[in-house]
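Trainee: Input: one structure, supplied below.
The values are calculated or read from the model by the stated rules, or taken from the named source; none is laboratory data. Bear in mind that the values here come from a model prediction, so they are computed numbers and not experimental data. A quick note on method: Cβ atoms are made from the backbone with ideal geometry, for glycine too, and the neighbour counts reach across all protein chains shown. Areas reflect the complete protein model, heavy atoms only, side chains present, ligands, DNA and RNA absent. Shrake-Rupley method; radii C 1.70, N 1.55, O 1.52, S 1.80 Å.
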Amino acid sequence: MAARNRGYFEARNILALNLVSSPGSGKTTLLERTLRDLGEEMDFYVIEGDQQTTNDAERIAALQVPVRQINTGKGCHLESDMIYEAVRQLDIANDGVLMIENVGNLVCPSMFNLGEQARVVIISVTEGEDKPIKYPDMFHTSQICLINKTDLLPYLECDLERLKNYALQVNPDLKFFEVSALKGEGMEQWYNWLRSQRNP
Ligand SMILES: Nc1nc2c(ncn2[C@@H]2O[C@H](COP(=O)(O)OP(=O)(O)O)[C@@H](O)[C@H]2O)c(=O)[nH]1
Ligand SMILES: [Mg+2]
């Protein structure tokens, strides 16, 4: 089913990204700022995954971006058949950008391919530098690592180089962007990467 999703995205030149992280690292905040800043440039669609509530879908809908909420109930991750159904409902235009916010969980979502073009793992500076080696699968299967909440660094003892070195131990090809989704710092690198992933 993931391959089927991937074929659909390829045929329509849709860039589909799978955003994964532990709960609260800032996925929705990152999406909100990205949609606001690049809304003129890219045609965004969003799928939100949470066990319960439509809170995140409401935050996205407030920006006038088409969104579908998936509630997984007792489930701990999104699966490709859920994406298939949500994509049908979203009716994504050719050349669109689909942002899939997975259920907040550093373990299970790593095991389920959704048909995405790339996986983006978000880790915030409050989580502890060693999470990449404690939960290696998520970092191993991602191409991009956004380090979020850099505005909090002055109040913490988080060593960014250590965090990156741990992540590189499990995935030497991982690319990092340091951002504050809340304050908007560092977002331009992330935006440039997004632009680079789109086919003209
Ligand atoms: N200080 C700070 N807080 C942030 C940042 N990004 C998100 N947050 C806060 O972190 C909390 C969880 O954010 P949310 O986007 O809902 O995380 P999600 O669960 O990964 O979608 C909220 O209180 C946000 O305001 C950031 O860059 N800096
Ligand atoms: Mg969220």
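Trainee: Among the candidates 54, 29, 126, which residue alone is in contact with a Lys or Arg (Cβ under 8 Å, 6 or more places away or on another chain), of a type in the set (Ser, Thr, Tyr) and either within 16 Å of ligand 2 (Cβ to nearest atom) or in contact (Cβ under 8 Å) with a residue 24 or more places away in the chain (or both)? Steps first, answer last, please.
Mentor: On the way: 54 fails: in contact with a Lys or Arg (Cβ under 8 Å, 6 or more places away or on another chain); 29 fails: in contact with a Lys or Arg (Cβ under 8 Å, 6 or more places away or on another chain).
One residue alone meets the criteria, 126.
Trainee: With the condition kept exactly as written, say whether any residue in segment 85-105 is free of Cβ contacts under 8 Å to residues at least 40 places away in the same chain, touching a Cys at 6+ places or on another chain (Cβ under 9 Å) and within 16 Å of ligand 2 (Cβ to nearest atom).
Mentor: Narrowing segment 85-105 to residues free of Cβ contacts under 8 Å to residues at least 40 places away in the same chain: 85-86, 88-89, 91.
Subset that is touching a Cys at 6+ places or on another chain (Cβ under 9 Å): none.
The answer is no; no qualifying residue exists.
Trainee: Out of the residues in segment 183-200 meeting the condition of being over 13 Å from residue 41 (Cβ atoms) and aromatic (Phe, Trp, Tyr), tell me which one is most open to solvent (accessible area, probe 1.4 Å).
Mentor: 193
Trainee: Turning to a different aspect of this structure: State whether one or more residues within segment 76-83 are more than 23 Å from residue 142 (Cα to Cα) and surrounded by 15 or more Cβ atoms within 10 Å (Cβ to Cβ).
Mentor: Filtering segment 76-83 for residues more than 23 Å from residue 142 (Cα to Cα) gives none.
Checked against the condition, which is being more than 23 Å from residue 142 (Cα to Cα) and surrounded by 15 or more Cβ atoms within 10 Å (Cβ to Cβ), segment 76-83 yields no hits at all.
Trainee: Another one. So, in segment 6-61, how many residues would count as being open to solvent by 10 Å² or more (accessible area, probe 1.4 Å), away from ligand 1 (no atom under 16 Å from the Cβ) and among the small types (Gly, Ala, Ser)?
Mentor: Total meeting the criteria: 3.
Trainee: Scan segment 8-15 and give yes if some residue there is closer than 18 Å to residue 191 by Cα and within 17 Å of the chain's Cα centre (by Cα), otherwise no. Before the answer, list the steps.
Mentor: Residues of segment 8-15 closer than 18 Å to residue 191 by Cα: 14-15.
The next check asks that each one be within 17 Å of the chain's Cα centre (by Cα); those that pass are 14-15.
Yes, segment 8-15 contains a residue that is closer than 18 Å to residue 191 by Cα and within 17 Å of the chain's Cα centre (by Cα).
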